[in-house]
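Sending over a structure as structure tokens; questions will come in a sec.
The values are calculated or read from the model by the stated rules, or taken from the named source; none is laboratory data. Remember, it's a predicted structure, so these values are computed and weren't measured experimentally. No Cβ is skipped: glycine too gets one built from the backbone with ideal geometry, and neighbour counts run over all protein chains shown. Ligands, DNA and RNA are stripped out before the accessible areas are found, and what is left, the full protein with its side chains, is counted by its heavy atoms. Shrake-Rupley method; radii C 1.70, N 1.55, O 1.52, S 1.80 Å.
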Amino acid sequence: KESFNLLDDIFSLGINTFDTAAVYPNESEAVLLKWIAERNIREEVVLLTKGGHHNKWRKRVTPYDILSDVNDSLAKAKADYIDIFMLHRDDPNIPVEPIVETLNRLYDMGKIRSFGGSNWSYKRIEEANYYAEKYNLMGFSSVSPNYGLAEQIQDPWGEGCITLTGDSSEKARDYYISNQLPIFAYSSLARGFFSGSIHADDRSAATNFLDGAAQKGYLCDSNFERLRRAEVLAAQLGATVPQIALAWLFHSPLNTFAIVGATTKEQMLDNIKSLDLNLTRTQV
């Protein structure tokens, strides 16, 4: 009931795209799909869900696992299709050919309307799309790596997460700037680092507020300096820190869409206001 109420509130604000995954805790995907079915709004929402996540026994980016995960997701609410199906993880030891062919099979069956890769390197995306173009197949049409104002200094979960932040990702950013492939940026507020609940001059609060993954991924001097500058700019513009961080993302030369979490309608409304912030190049 609590989840449905929150989803009703978020949907009422005009948010119509929802990111989930089969492996998210508390049966998150099943709850979301049940809400969509009970509200009878399937054609009004864009469902982005993910599969192919590794488990503790093996990597699961195989045709069998991809087919299984898509069919399981659809069965959870008797849904007919997934708008955007993302491969949660990659296994570079598996050639792209059978992966692309399996995803195209699902597309031809009408079970997915597009597909992409979450934690896939740009080189693997490029390789997959080259194969797809060569054989007149559907290619990866979107990606969902980490991207945001905070640099991800370590893999938060140690499971092959891909980020577009930092100097080491410059070539990846250039690739996505050149082709403008849509990027659904996860952890766009650095798992709460830019939530406005911590401040640049109180680092001890960050260790109390942020979870272990956020502390591992984002706590460093350069990110606290980014936070400080965001606080200064927010004060100048009469905005909030998360609005500044999201506005920075929307002013990126990449084709970015922010994945953000909210626990209240008010939080999401605050996030939405970032779309109205016009930052100068100097401010960015």
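Using 19 Å as the Cα-Cα cut-off, could you pick out the over-long pairs in 50/76; 34/59; 56/111; 1/34; 134/171? All intermediate terms of the calculation are to be shown ahead of the outcome.
Details: 50/76 14 Å; 34/59 28 Å; 56/111 28 Å; 1/34 11 Å; 134/171 24 Å.
Those over the limit are 34/59; 56/111; 134/171.
Counting every Cα pair in region 84-140, what percent are over 14 Å apart? Intermediate results must be reported in sequence, preceding the final value.
On the way: 775 of 1596 pairs.
Of all Cα-Cα pairs in region 84-140, 49 percent lie more than 14 Å apart.
Between (1) 52, 44, 37; (2) 57, 50, 33; (3) 102, 43, 38, which entry matches Cα extents along the principal axes in Å as derived from the coordinates of this structure?
Read-out from the structure maps to (1).
With +1 assigned to the C-beta of every Lys and Arg and -1 to the C-beta of every Asp and Glu, and no other charges, what is the dipole magnitude of the chain about the Cα centre in debye, to the nearest 20? Let's see the in-between values first.
Details: 29 positive and 37 negative charges, 42 e Å.
With Lys and Arg at +1 and Asp and Glu at -1, about 200 debye.
Ok, one more. State the percentage of accessible surface on the chain attributable to carbon and sulfur atoms; use a 1.4 Å probe and exclude ligands, DNA and RNA. Can you show the working numbers first?
On the way: 7030 of 14230 Å².
For the chain, the apolar C and S fraction of the accessible surface comes to 49 percent.
Could I ask something else about it? Which longest run of the chain has no exposed loop site in it, a site being trypsin sites (Lys or Arg not before Pro) in a DSSP loop with at most 14 other beta carbons within 10 Å, and the site itself not part of the run? Before the final figure, lay out the partial values.
Working: sites that count: 1, 56, 58, 78, 281.
Longest gap between qualifying sites, sites excluded: 79-280.
With runs of 4+ DSSP H residues as the only contributors, calculate the mean residue ellipticity of the chain at 222 nm using -39,500 (n - 2.57) per run, divided by the residue total and rounded to the nearest 500. Show your work: numbers first, answer last.
Details: 11 runs with 121 residues, N = 284.
It lands at -13000 deg cm²/dmol.
Still on this model: Suppose every Lys and Arg Cβ carries +1 and every Asp and Glu Cβ carries -1, with no other charges. What dipole size does region 1-155 come out with about its Cα centre, to the nearest 20 debye? Write out the running numbers ahead of the final one.
Working: 18 positive and 24 negative charges, 77 e Å.
In total the dipole reaches around 360 debye.
Over the chain, average the accessible area per residue using a 1.4 Å probe and give it in Å², no decimals. Each step should come with its number before you reach the end.
Working: 14230 Å² over 284 residues.
Accessible area per residue, the chain: 50 Å².
Collect residues whose amide H, placed 1.01 Å from N in the peptide plane, falls under 5 Å from the amide H of residue 46; neighbours closer than 5 in sequence don't count.
It is 17, 18, by chain and number.
Next question, about the same structure. Check residue 59: other-chain or 5+ apart residues with amide H under 5 Å from its amide H, H built from backbone geometry?
none
Additional query: Of the chain, which part is the longest with no GluC sites (Glu not before Pro) in a loop (DSSP not H, G, I, E, B) and with at most 13 other C-beta atoms within 10 angstrom?
Longest run free of exposed loop sites: 28-158.
Now for a separate question. Per residue Cα convex hull volume for region 1-101, in cubic angstrom? Show your work: numbers first, answer last.
On the way: hull volume 10.5 nm³, N = 101.
So the per-residue hull volume is 104 Å³.
In region 80-227, with Lys and Arg counted as +1 and Asp and Glu as -1 at Cβ, which of these residues, 175, 153, 129, has the Cα nearest the positive end of the dipole, that is, farthest along it?
Positive-end residue among those listed: 129.
Can I ask one more? Taking every pair of distinct Cα atoms and averaging 1/r, then inverting, what Kirkwood hydrodynamic radius in Å comes out for region 74-202? Walk me through the intermediate numbers first.
Working: mean 1/r = 0.0621 Å⁻¹.
Across region 74-202, the inverse of the average 1/r is 16.1 Å.
Can you tell me the convex hull volume per residue for region 154-231, based on C-alpha atoms, in Å³ to the nearest whole number?
Details: hull volume 8.3 nm³, N = 78.
Per-residue hull volume (Cα only) is 107 Å³.
While we're looking at this one, here's another question. Report, in debye and to the nearest 20, how large the dipole of region 58-112 comes out about its Cα centre when Lys and Arg carry +1 and Asp and Glu carry -1 on their Cβ. Let's see the in-between values first.
Details: 8 positive and 10 negative charges, 49 e Å.
In total the dipole reaches around 240 debye.
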